[in-house]
Amino acid sequence: MSNESKKNILIGVTGSVDITLLPRYLMAIKENINCTLTVLMTPNAELFFPAETLALYADRVIYGEKTAGWSTDKPSRIVADHDLLAVLPATANTLSSVAQGAAPNRLTTVILAANFPVLFFPVMGAIMWEKSAVRRNIQQLWNDGYEVVEPVWHENYDASLQRLVGHPSLPTIEGFIELLKSKLY
């Protein structure tokens with residue numbers, strides 16, 4: 001673990017099946033970076049993975065869109081309390097919203113208000129990744145100063161299709177940690 005000053009890392013989580021891999025990434029962050037780790041979930045992310053389970057791997061989990069908790073969880077407070085935001089996994093829907101300047105949920109509002117590095121780690125189907133609209137949104141994010149990390153292609157067995165399919169997915173945990181460190185220090 002680094003002797004550098006303690007950082008405040010925010011992980012934005014969107015609704016993707018790759019959310020099931022997230023605990024390994026959160027554990028690696030805590031093991032390798034001296035930080036306070038907060039997870040901010042979109043409503044769609046909550047459909048894939050319970051916030052209570054992610055709370056086992058982070059110092060804090062923010063979820064739900066109700067304003068009752070906004071005294072501590074309003075977007076401006078979340079931004080003020082963090083040094084970096086990694087959106088992991090980042091769906092095409094979230095990429096599109098931010099590229100167009102839309103804020104349909106608390107995560108996208110925080111992204112648009114952020115004054116620190118924001119990194120997107122896209123995950124989606126292969127055909128979707130190649131669509132012109134998705135490529136335009138990614139280019140717009142780059143133009144706006146965000147970093148969209150090139151996904152790693154994985155082959156997984158798709159039970160519904162009954163065959164192996166390739167798709168853009170999350171980077172190696174080691175590569176992810178090194179990238180976060182390079183943005184923090």
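The values are calculated or read from the model by the stated rules, or taken from the named source; none is laboratory data. These numbers were taken from a predicted model, which means no experiment stands behind them. Cβ coordinates were reconstructed from backbone atoms using ideal geometry, including for glycine residues, and neighbour counts include every protein chain displayed. Ligands, DNA and RNA are excluded from the accessible area calculation, which covers all protein heavy atoms including side chains. Shrake-Rupley method; radii C 1.70, N 1.55, O 1.52, S 1.80 Å.
The table below gives the values:
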quantity: Checklist (1) in a helix (DSSP H, G or I); (2) of a type in the set (G, A, S); (3) under 27 Å from L184 (Cβ atoms) applied to A58, failing item; calculated: (1)
quantity: Strands (runs of 3 or more DSSP E) completely within region 65-182 that count 1 or more residues being open to solvent by less than 40 Å² (accessible area, probe 1.4 Å); calculated: 84-90, 118-122, 163-169
quantity: When residues of region 34-50 are limited to those that are surrounded by fewer than 22 Cβ atoms within 10 Å (Cβ to Cβ) and of a type in the set (S, T, N, Q), the one farthest from L84 (Cα to Cα); calculated: N44
quantity: Cβ pairs under 6 Å, 6+ apart, first in region 138-160 and touching a residue at least 40 places away in the same chain (Cβ under 8 Å), second open to solvent by less than 40 Å² (accessible area, probe 1.4 Å) and in a helix (DSSP H, G or I); calculated: Q140/A99; L141/A99; V148/I138; V148/L141
quantity: Among the candidates T20, T53, residue that is open to solvent by 80 Å² or more (accessible area, probe 1.4 Å), in a helix (DSSP H, G or I), within 23 Å of S169 (Cβ to Cβ) and among the polar types (S, T, N, Q); calculated: T20
